[in-house]
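Please read the structure below before turning to the comments.
Since every read-out is calculated from the coordinates, none of them should be taken as a lab result. Just so we're clear, the structure is a prediction, and the values are computed from it rather than from any experiment. Quick reminder, even Gly has a Cβ in these numbers, built from the backbone with ideal geometry, and neighbours come from all protein chains shown.
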Amino acid sequence: MKFRYAMVCSSNQNRSMEAHSLLKRHGFDVSSYGTGSHVKLPGPSLREPNVYDFGTPYKQMFDDLRRKDPELYKRNGILPMLKRNSGVKLAPQRWQDNAADGSFTVVLTFEEKVFDMVLEGKDVSFVLQFLFPLDI
């Protein structure tokens, strides 16, 4: 049996994409997703995040932020992160909209609220064999 892996965080940007990139480099069958309603990236202040729709290409986000304030987004690591992401896949995908991708053997979530949303958003009862928290 070949295992399929899903990495899930809120915006399909940082943690899920780092894990996706790493597993992909090692030959794993891996996908990644976010559970939020939109993709949110830090902005010039906490009250001014950059908000994008799921499906917006990472390259488009990169170009938008580079146009807005290249020094800020380079300094805070957002531009390098988006560059990495665009080398892994085209755009962030939403977990709740991934039915066409099929089922996964292993689903890793990177925070408790994301874990809860994964369980609420899908009928996982028929595939769940082992369930335990993992704090890293």
Arrange Arg84, Arg94 by Cβ neighbour counts within 10 Å, fewest through most, would you?
Arg84, Arg94
Of the listed links Lys2/Lys89; Lys2/Lys74; Lys68/Lys113; Lys40/Lys83, those spanning more than 28 angstrom between alpha carbons are Lys2/Lys74; Lys68/Lys113
Most packed first (mean Cβ within 10 Å per residue), the peptides 20-33, 97-110, 43-56 order as 20-33, 97-110, 43-56
DSSP bridge orientation in the chain - percent antiparallel, rounded to nearest 5
20
